[in-house]
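A short reminder: the numbers here are calculations on the coordinates, not readings from a lab. Because the structure is a prediction, the values reported are computed rather than measured. Neighbour counts are summed over all protein chains in view; Cβ atoms, including those assigned to glycine, are modelled from backbone coordinates with ideal geometry.
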Amino acid sequence: MKRVITFGTFDLFHYGHLMILERAANLGDELFVGISSDKLNFAKKARYPIYTQMERIAIVKALKCVTEVFVEQSLELKREYLLKYNADILVMGDDWKGKFDEFKDIVEVVYLPRTPSISTTILIEKIQIKNM
Ligand code: CTP
């Protein structure tokens, strides 16, 4: 039984999010997703996500390819989460390439190519331009 784990905000859930989660799930038997808390996002980006963590969790949890979701409270707790969920493989988009190599002692680290031309930031910009 191979357990895959990944992390993200998954705000304004979009096609790129779906693709990385499906590809991550296909690397193992179970997929665990850490969703960054509203507080963590505020600390990192000085703004709250558009969707609350409750909404972001509900959306990701409803996906067929996802086994379980949990709240990522702090970026410093990655190693604890990997151990807690007994992960075999850590998957991240290649915008994070190299950033998680420190965990190679306990998991296989895989960086998957991002889906081109879509991101939460691009969606927010498009919506803002339309409403100007
Ligand atoms: N992701 C992806 N392809 C995209 C967008 C995101 O594979 N086009 C992946 C990221 O690499 C990450 C996960 O989806 O592993 C969650 O990304 P997140 O940061 O929540 O979404 P983004 O759309 O990248 O958000 P932002 O624009 O705020 O950075």
Subject >> Theoretical FRET efficiency, 1/(1+(r/R0)^6), r = Cβ-Cβ of D105 and N131, R0 41 Å, to 0.05 >> reply: 0.30
Original post:
Charges only on Cβ, +1 for Lys and Arg, -1 for Asp and Glu: so what's the dipole of the chain about the Cα centre, in debye to the nearest 20?
Top reply: 380
Subject >> Residues of the stretch 1-27 with amide N under 18 Å of the 7 Å Cα→Cβ point at D95 >> reply: 6-24
**OP:** Return the distance in nm (one decimal) between the two label points of a simple spin-label model at M1 and S117, each offset 7 Å from Cα along Cα→Cβ.
**Re:** 4.1
Original post:
Roughly how many debye, to the nearest 20, is the charge dipole of the stretch 1-62 about its Cα centre, given +1 on each Lys and Arg Cβ, -1 on each Asp and Glu Cβ, and no other charges?
Top reply: 220
**OP:** Rank T6, L63, F32 by how far each Cα sits towards the positive end of the charge dipole of the stretch 1-74 (+1 on Lys, Arg Cβ; -1 on Asp, Glu Cβ) and give me just the farthest.
**Re:** T6
Original post:
Can you give the extra length, in nm with one decimal, that the chain gains between D29 and H14 once fully stretched, where that is 0.36 nm per residue apart less the Cα-Cα distance?
Top reply: 3.1 nm
